Amino acid sequence: MKAAPFSRLCATFLCNVVCVTVSLSCDGASRVGDTLGLQSLGRWEWHGRIVAEPDPTLTIARVRMDTSQGGGDVVLARYDFNPAVGEGDEYSLALGLELGRAHDLVPGKPYAFGTGPGQIAAHATVACLCRPLRPDSVRGTYLLATRGLRQLTGRVDATLYFTEWNDTARHVTYSLHQRIDAIK
């Protein structure tokens, strides 16, 4: 009699483990080994463009959306890393993507970052307690997982390249490998 409840408990536990594993593996946007950034912004606009503006007098760079001039579908996302109190090594990455026409993107197909045909223009900035960094380029891919009427879910696998403002010989890279959600 006592073996039946124990075996039922084991079967329930295994079923739960299998269900959780299957549900996590079915999400095409998240993967084991992703970077551990907390996405704090994910905005999608239908008729806009990404404006990347360096300000050398303040040694900062800004990335923002401009919807006043028209354009295609754009996404602006922000990821915060190590946001715990007292860490001291926190940083935030802002990533702007010019998708063109999101309706034309095929789910499951990776699109390279770049300026050529079929590529997605990408711009990035970093905010950290470090030497001021100027954006160079973003290399990697964007993978659309799902597209809804007012929501995009995808995956970004990218390396963001920066140069120090005061020493152009010093370069810094940041990796961004994780899910990206954007809401209209």
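The values are calculated or read from the model by the stated rules, or taken from the named source; none is laboratory data. Note that the coordinates shown come from a computational prediction; the quantities given were computed from them, not determined experimentally. FYI the Cβ positions are ideal-geometry reconstructions off the backbone, even for glycines, and counts take in every protein chain you see.
Does L129 satisfy the condition of being of a type in the set (A, V, I, L, M), closer than 24 Å to D55 by Cα and at pLDDT below 95?
Numbers: of a type in the set (A, V, I, L, M): yes; closer than 24 Å to D55 by Cα: yes; at pLDDT below 95: yes.
Criteria met by L129.
Of (1) modelled with pLDDT of 95 or more; (2) over 21 Å from Y161 (Cβ atoms); (3) among the aromatic types (F, W, Y), Y79 satisfies all except one. Which?
If we test Y79 against (1) modelled with pLDDT of 95 or more; (2) over 21 Å from Y161 (Cβ atoms); (3) among the aromatic types (F, W, Y), just (2) comes out false.
Answer yes or no: is there a residue in segment 90-107 that is touching a Cys at 6+ places or on another chain (Cβ under 8 Å) and part of a strand (DSSP E or B).
For segment 90-107, residues touching a Cys at 6+ places or on another chain (Cβ under 8 Å) and part of a strand (DSSP E or B): present.
Quick check on segment 4-24. Is at least one of its residues aromatic (F, W, Y) and at pLDDT below 90?
Yes.
Tell me, which residue of segment 35-68 that is among the acidic types (D, E) and surrounded by fewer than 16 Cβ atoms within 10 Å (Cβ to Cβ) is nearest to K184 (Cα to Cα)?
In the first step, residues of segment 35-68 are kept if they are among the acidic types (D, E); the result is 45, 53, 55, 66.
Retained after the next criterion (residues that are surrounded by fewer than 16 Cβ atoms within 10 Å (Cβ to Cβ)): 53, 55, 66.
Details: E53: 23, D55: 29, D66: 14 Å.
Here the answer is D66.
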